[in-house]
1. Do we find a residue being in contact (Cβ under 8 Å) with a residue 60 or more places away in the chain and within 29 Å of Asp43 (Cβ to Cβ) anywhere in the stretch 157-164?
2. Between a residue in the stretch 203-222 that is more than 23 Å from Met113 (Cα to Cα) and any residue that is small (Gly, Ala, Ser), which pairs come within a Cβ distance under 9 Å, given they are 6 or more apart or on different chains?
3. Regarding the stretch 232-250, can at least one residue be identified that is at positive phi and either not assigned by TED's automatic domain parsing to the domain that holds Val282 or not aromatic (Phe, Trp, Tyr) (or both)?
4. Do you know which residues across the stretch 106-137 are more than 21 Å from Thr25 (Cα to Cα) and touching a helix residue (DSSP H, G or I) at 6+ places or on another chain (Cβ under 9 Å)?
5. Find the residue count for the stretch 114-126, including only residues that are closer than 14 Å to Thr211 by Cβ and outside any strand (DSSP E or B).
6. Would you confirm, using the coordinates I've provided, whether Gly155 is closer than 30 Å to Pro138 by Cα, surrounded by fewer than 19 Cβ atoms within 10 Å (Cβ to Cβ) and either more than 15 Å from the chain's Cα centre (by Cα) or modelled with pLDDT of 95 or more (or both)?
7. Are there helices (runs of 4 or more DSSP H) fully within the stretch 127-236 with at least 2 residues that are farther than 24 Å from Ser254 by Cα? List them.
8. Any idea how many residues of the stretch 161-187 are among the aliphatic types (A, V, I, L, M) and either buried (at least 20 other Cβ atoms within 10 Å of the Cβ) or within 22 Å of Pro103 (Cβ to Cβ) (or both)?
Amino acid sequence: MTQTANPLVSTIVLSYNQCQYVLETLESVKAQSYKFTQFIIVDDYSTDDSVAIIDRWIQANKINCTFIRHKQNQGISKSLNDALAVATGKYISMVASDDVWLPDKIARQVEIMESQSDQVGVLYSDALQIDRNGHTLPGLLIATHWKQLREMPQGQVLDVLLVGNFIPGLTTLIRRSCYDEVGLYDENLPWEDWDMWMRIARHHSFLYSPTPSAKYRIHEKSLSHSNETRMLKELVKIGLKQFGLEDLTEDQKSTLSETLLNWSAGVYRQGDAQSADILLAVWQATRDKRAGRMYRFAKFGFSFRCWQRANLVGDAIRVRFWHPILNATLPVRHALGLRQRRVKPPFKNCP
């Protein structure tokens, strides 16, 4: 464990078309009780007044910071990589320009991380939820959207991450050495965090702090609320990349396969024109027969409801006729070295 007296923290604000909220975000970073920070702002070619507002705020407050202005929109991963290129802190923490940090976020998290070994790569917490006007909404972010979690994951969290991203990026404090080990953000992916968490989780443990450290704003421009189908398609793309890395155990592949099936089925359910291509990619990667059956239905223009009905009929036939035959011939098949396992009932919770 490497301890440093008052280690430098590189704080990154990611700005893109959030002119109505960006001042509140900047003020929350400025108000941090921990003062040993490097301030970096990246604007990803906002088309509203964000850049002018940030410029005026920097000048009015005489803020010592690095302000990176993109000349064209390049995405969140590129924005973070540009910030990391100039970041010199032992720890990294980032926030989008529509979210807010609580005043002791950095101080509390640095104290915790400095007490841990270098094997702990990421510290995270839950977050309050606020509406477009800053009013607090019921429930915490993780607790609201991940009700299936009996307790917050800590330690080796890759298996949980394969089900989906439960870590709010705005609440994290990341050890800079993690990036030196696993590389920067993948600029070919639509989102930055889920892929990065899974890459870090292969080498480092994660730690949960029970004290909320930020406020997550829910409003009409949030991708998860404005375009669910697009969100699902992008999640499938990220998951397929992880499946292709070929370093997962068979159990982990099974978990990720189920996750990809659920998301691609969600795209199919929405009637999206790309659903057949997405299901084909998932089928080819996972070899899951359910994805193959859904792909064939989607390819010929059948609705998701048609696939559900056909799947129920097929399951009924297999359970009623084919499975009893297979189970009755188990001794013969065992002697011949053929399929030796007893057939289980079909999976009932297919999306």
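The values are calculated or read from the model by the stated rules, or taken from the named source; none is laboratory data. No experiment lies behind these values; they were computed from the predicted model shown. No Cβ is skipped: glycine too gets one built from the backbone with ideal geometry, and neighbour counts run over all protein chains shown.
1. Looking through the stretch 157-164, none of the residues is in contact (Cβ under 8 Å) with a residue 60 or more places away in the chain and within 29 Å of Asp43 (Cβ to Cβ).
2. Arg217/Ala96; Arg217/Gly134; Ile218/Ser224; Glu220/Ser226
3. yes
4. Listed by number, the residues that qualify are Asp118, Val120, Gly121, Val122.
5. 1
6. Answer is yes for this residue.
7. Correct list: 141-145, 177-182, 223-226.
8. 6
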